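Accompanying notes for the structure given below.
Every number here is computed from the coordinates shown, using simple stated rules; none is lab data. Everything quoted here is computed from the prediction, not taken from an experiment. Ideal geometry is used to build each Cβ from the backbone, glycine not excepted, and the neighbour counts take in all protein chains shown.
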């Protein structure tokens, strides 16, 4: 009788604990772990909102977490380990360092757990460990910047001669990251194609110069009319980025620079630091067409005031949404493939529009 009574008490305690634990409600839903590069920045908060919307849409339970900063690699590794220990049906991962998660990727591969890369994904991941990626097509996004700039400077490009050439400068934070390489090359290639197809000039009139990481075997390198200069600072430190921006601005008059494309938020900040938050762009470089990439408070202010012609924004909300959507579909056994989460051009005329303002994080 005593044994029966004790057993009854134990069962009641167990039942009560099931109702008290927050996992009880979610236990009936498939669990997808989302491990991000960060969580505090507005960009990642938008990613999180998109992920949560997809979770609601597909009836799954997710956790979304990222380290305090993008230098906290080991913290992210521990988050990934904890996520795997909870036996998720799938994982969405934006790795800070691919080499730090190789063991985990091998483990998920052995256990048949689909892993979806998002944002910059998991570059150079072992074959078969990443099922698909939800990310911005950086090549196409930068190509959009080239199209917007070309429309403004086309007439000046057509007027260029061997003795009076024009220059376009592309600012890149480094020549190592895949996303930045894709942006620099996307802008370069699109600008070359636009000049070839929409002006009287040919590819032989164009010269790509500067950092060798952005010059391919097919890049024109002997032209004398249009110079596309690929600039990379000495380091990613803001002082070096700002110094490179200052050097570029010093060429505006002597080299007849028509436009500058800053391929990420860091290079945009560097240019703003070199121009009194953009104010001297208006006073000293009024005809210079500057287009940035991403957002941030300083860049948004420069666009709103007209110091920048405009900027390209990614869609962090859609990055999060598509990451969870792909993870769910992979778990269900559906075939998945990489998804371009899109990019949009914004300027002072449309940055407050409903389809744009939510993408302009600080």
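What per residue convex hull volume, in Å³, do the alpha-carbon atoms of the chain yield?
That works out to 159 Å³ per residue.
Note the full-extension length gain between residue 352 and residue 297 as 0.36 nm times their separation in residues minus their Cα-Cα distance, in nm to one decimal. Don't skip to the end; give the middle numbers.
On the way: separation 55, 0.36 × 55 = 19.80 nm, distance 1.40 nm.
Taking 0.36 nm per residue and subtracting the Cα distance, the gain is 18.4 nm.
Just check segment 207-278 against the gyration tensor rule for me: Cα atoms, a ≥ b ≥ c as the square roots of the eigenvalues, rounded for a/c under 1.5, and otherwise prolate or oblate depending on whether a/b exceeds b/c.
In terms of gyration-tensor shape, oblate.
Taking the Cβ-Cβ separation of residue 332 and residue 107 as r and a Förster radius of 22 Å, what is the calculated FRET efficiency to the nearest 0.05?
0.55
At 7 Å along the Cα-to-beta-carbon direction for both residue 99 and residue 161, put a label point, then send me their distance in nm to one decimal.
With each label placed 7 Å out from Cα toward Cβ, I get 5.4 nm.
Give me the number: length gained by fully extending residue 251 to residue 234, i.e. 0.36 nm times residue separation minus the C-alpha to C-alpha distance, one decimal in nm.
Details: separation 17, 0.36 × 17 = 6.12 nm, distance 1.79 nm.
Net length gain for the segment: 4.3 nm.
So, in nm, how far is label residue 202 from label residue 176 when the simple model puts each one 7 Å beyond its Cα toward the Cβ?
That separation, rounded to one decimal, is 4.1 nm.
Provide the gained length on full extension for the span residue 71 to residue 57, in nm with one decimal, where the gain is 0.36 nm per separating residue minus the Cα-Cα distance. Numbers along the way, then the final one.
Details: separation 14, 0.36 × 14 = 5.04 nm, distance 3.28 nm.
Here the segment from residue 71 to residue 57 would lengthen by 1.8 nm.
Using mean Cβ contacts within 10 Å as the protection proxy, how do 352-360, 52-60 order, highest first?
Working: 352-360: 13.4, 52-60: 17.0.
The most tightly packed comes first, giving 52-60, 352-360.
Return the percentage of antiparallel bridges among DSSP beta bridges fully within segment 138-313, rounded to the nearest 5 %.
5
As I understand it, the value is the acute angle between the Cα axis of helix 42-58 and the longest principal axis of the Cα atoms of the chain; what does it come to in degrees, rounded to 10?
50
Which whole-angstrom value gives the distance between the alpha carbon centres of segment 294-329 and segment 200-251?
25
Is it possible to state the helix-based mean residue ellipticity at 222 nm for the chain, with each DSSP H run of 4+ residues giving -39500 (n - 2.57), the sum divided by total residues, to the nearest 500 deg cm²/dmol? What is it?
Per the formula, -13500 deg cm²/dmol.
Of the DSSP beta bridges with both residues in the chain, give the percent that are antiparallel, rounding to the nearest 5.
Percentage antiparallel, nearest 5: 10.
Could you check the simple spin-label distance between residue 222 and residue 276, using points 7 Å along Cα→Cβ, in nm with one decimal?
Placing both labels 7 Å beyond Cα along the Cβ direction yields 4.6 nm.
Any chance you could give the angle, 0 to 90 degrees and rounded to 10, that helix 138-158 forms with the longest Cα principal axis of the chain?
20
Hey, what angle do you get for helix 2-20 against the long axis of the chain, alpha-carbon based, 0 to 90 degrees rounded to 10?
Once rounded, the angle reads 20 degrees.
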